[in-house]
Amino acid sequence: MDFKIEKKEKYTIIQILSDKIDLHIAPLLKSEVVLLLGNGEKNIIIDLSKCTFCDSEGLNAILISNRLCKNSNGFLVVGGVKESVDRLLSLTQLDKVLNIAYNINNAENIMETLINADK
């Protein structure tokens, strides 16, 4: 299994268990997000704390997940972002589009803030 899913009261965390989010993992991530949204979830944290590499397919999967959450009137937070992935997000200016946290606790705090502000 490439993911660990943890459902919380107001959001779901998808922890990617691979050290890469690439062309092998990205389609699985998109499918997982679609399944969660289809089951009524709308707020998702993608935990990248184990990932040290992300390619264009991985970025695309994250962007699509962000759009799908927004289309469901929910939020996406990308948490546990390592320096190597952060550089890529900054280089592509996705750090201006995505909600990013550098550890999972901050990601959960950001998610709670977004959900509470939306009420």
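Structure summary
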{"item": "Paramagnetic reach from GLU9 (point 7 Å along Cα→Cβ, amide N under 20 Å) across the stretch 62-101", "result": "74-77"}
{"item": "Kirkwood Rh in Å, taken over all unlike Cα pairs in the stretch 56-119", "result": "12.1 Å"}
{"item": "Nonlocal amide H pairs with VAL77, under 5 Å, H built at 1.01 Å", "result": "ILE44, ILE45, ILE46"}
{"item": "Average Cα contact separation per residue, the stretch 11-54, under 8 Å, 6 or more apart, as relative contact order %", "result": "72 percent"}
{"item": "CYS54 long-range amide H proximity, modeled H, under 5 Å", "result": "ILE21"}
{"item": "Net charge over other residues, Cβ less than 12 angstrom from the Cβ of LYS70 (K, R count +1; D, E count -1)", "result": "+1"}
{"item": "The chain - percent relative contact order, Cα under 8 Å, separation 6 or more", "result": "24 percent"}
{"item": "Reduced Cα scattering model of the stretch 37-78, Debye log10 I(q)/I(0), q = 0.21, 0.28, 0.35 Å⁻¹", "result": "-0.67, -0.98, -1.19"}
{"item": "Estimated 222 nm signal from helices in the chain, with DSSP H stretches of n ≥ 4 weighted -39500 (n - 2.57), rounded to 500", "result": "-14000 deg cm²/dmol"}
{"item": "Convex hull volume per residue for the chain, taking Cα atoms only, in Å³", "result": "89 Å³"}
{"item": "Where labels lie 7 Å past Cα in the beta-carbon direction, separation of SER49 and ARG67 in nm", "result": "3.0 nm"}
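Laboratory data are not the source of any read-out in this text; all were calculated from the coordinates shown. Since this is a predicted model, take the numbers as computed values, not measurements. No Cβ is skipped: glycine too gets one built from the backbone with ideal geometry, and neighbour counts run over all protein chains shown.
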